[in-house]
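*Asks:* Below is a structure I'd like to ask you about.
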Amino acid sequence: MFADGVLDLVEPIIGPDIALFSSHFICKPKGDGKCVPWHEDSFYWAGMVEPMEIVTVWLAIDPSHEANGCMKVLPRTHDHGYSEYGPVDTATNVFSTEIKKHLRDDSKAVSIILEPNHASLHDGKLMHASDYNHGNLRRCGYTMRYMSTRVKLSTEAQQYHQIYLARGKDHAGNPYADPTKSHEDFARIRETTKRRGH
Ligand SMILES: O=C(O)CCC(=O)C(=O)O
């Protein structure tokens, strides 16, 4: 998350002053796992940051192919970020809603096929999704999401979400958490307010 090799990938996009917004593994066991329905990350982060400028590095831990549910994107859809969503079945999807069908052209979808240690980058407003894993390999990716330190974490979000200074210096007056400490208070707040990360 703080390795120069990763930060060097995002610096040409967001500049030299970089904060880690969030990070997690997204793992689908072989022959299993739910679909990630079509969404924009920004839809889930609305109100948390201003401006909504977050880039995700999606690092492949396993091979990520169509058979085991690689990520797919709709190129050039990142001009909007807050589409209308309709319900989907949570028995087969990780979220309960997805971008309404008439607002997307699924025929333009591009699969992001990666080998272990390869990475893709996507803008927080880009429409993306992934199918369930119908292959015989686990599909695990590690997301690292970054923003410029000129982006402001809202006062409300500061109550339940932490960001970390990854490179350079702050410009927006954000508070930054200490990555060497475990912040169980924040974990408890997220649990009691049922806020889930994305
Ligand atoms: O890993 C996936 O299948 C989806 C990833 C995703 O939605 C994201 O990284 O924003």
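Read-outs: derived from the displayed coordinates by stated rules, not from any lab. For clarity, every value in this text was computed on a predicted model and none was experimentally measured. Here the Cβ positions follow ideal geometry from the backbone for every residue, glycine too, while neighbour counts run over all protein chains shown.
*Asks:* To make sure I understand, if each residue's beta carbon is the centre and we count other beta carbons within 10 Å, what order do S42, S107 fall in, fewest to most? List each step's numbers first, then the result.
*Replies:* Values: S42 22, S107 6.
So the ranking, lowest neighbour count to highest, is S107, S42.
*Asks:* Something else now. Give the long-range amide H neighbours of V88: residues separated by 5 or more places, or on another chain, with amide H under 5 Å away, using H modelled in the peptide plane at 1.01 Å from N.
*Replies:* Residues meeting the criterion, in which the H sits 1.01 Å from N, are T97, E98.
*Asks:* Also, I was wondering about something else. Once you put a point 7 Å from the Cα of A67 and another 7 Å from the Cα of E50, both along the Cβ direction, what distance in nm separates them?
*Replies:* The modelled label-to-label distance comes out at 4.9 nm.
*Asks:* Would you order T90, T180, T143 from fewest to most other beta-carbon atoms within 10 Å of each residue's own beta-carbon?
*Replies:* Ordered from fewest to most neighbouring Cβ atoms within 10 Å, T90, T180, T143 come out as T180, T90, T143.
*Asks:* Let me ask something additional. Projecting each Cα onto the charge dipole of the chain (Lys/Arg +1, Asp/Glu -1 at the beta carbon, about the Cα centre), which of H171, S120, W38 comes out farthest on the positive side?
*Replies:* W38
*Asks:* Turning to a different aspect of this structure: Say we join alpha carbon atoms closer than 10 Å with springs in a Gaussian network model of the chain; which of G141, G86, G33 then has the biggest fluctuation?
*Replies:* Maximum fluctuation in the GNM of the chain, among the listed residues, is at G86.
*Asks:* Which longest run of the chain has no exposed loop site in it, a site being GluC sites (Glu not before Pro) in a DSSP loop with at most 15 other beta carbons within 10 Å, and the site itself not part of the run? Display every interim value, and only then the final one.
*Replies:* Values: sites that count: E66, E84, E156.
Longest site-free region, per DSSP loop and neighbour criteria: 85-155.
*Asks:* K108 versus T155, label points 7 Å from Cα toward the beta carbon: distance in nm?
*Replies:* Output for this residue pair reads 4.0 nm.
*Asks:* In whole Å, what three semi-axes, largest first, describe the equivalent ellipsoid of the chain built from its Cα gyration tensor (square root of 5 times each eigenvalue)? Let's see the in-between values first.
*Replies:* Details: eigenvalues 144, 73, 63 Å².
Here the semi-axes work out to 27, 19, 18 Å.
*Asks:* Between helix 4-14 and the chain, what is the angle of the helix's C-alpha long axis to the longest principal axis, kept within 0 to 90° and rounded to the nearest 10?
*Replies:* 90
*Asks:* Give me the log10 of I(q) over I(0) for region 96-163 at q = 0.16, 0.21, 0.24 Å⁻¹, as the Debye formula computes it from C-alpha points; what are the numbers?
*Replies:* -0.91, -1.17, -1.24
*Asks:* Please find, in a Gaussian network model of the chain (springs between Cα atoms separated by less than 10 Å), the residue of P51, P87, P175 whose mean-square fluctuation is greatest.
*Replies:* Comparing P51, P87, P175 in the GNM, the peak value goes to P87.
*Asks:* Name the most mobile residue of K169, K34, K181, meaning the one with the largest mean-square fluctuation, in a Gaussian network model of the chain with Cα contacts below 10 Å.
*Replies:* K181
*Asks:* Something else: When the helices in the chain are scored as -39500 (n - 2.57) per DSSP H run of 4 or longer and the sum is shared across all residues, what 222 nm value do you end up with, to the nearest 500 deg cm²/dmol?
*Replies:* Result for the chain: -3500 deg cm²/dmol, rounded to the nearest 500.
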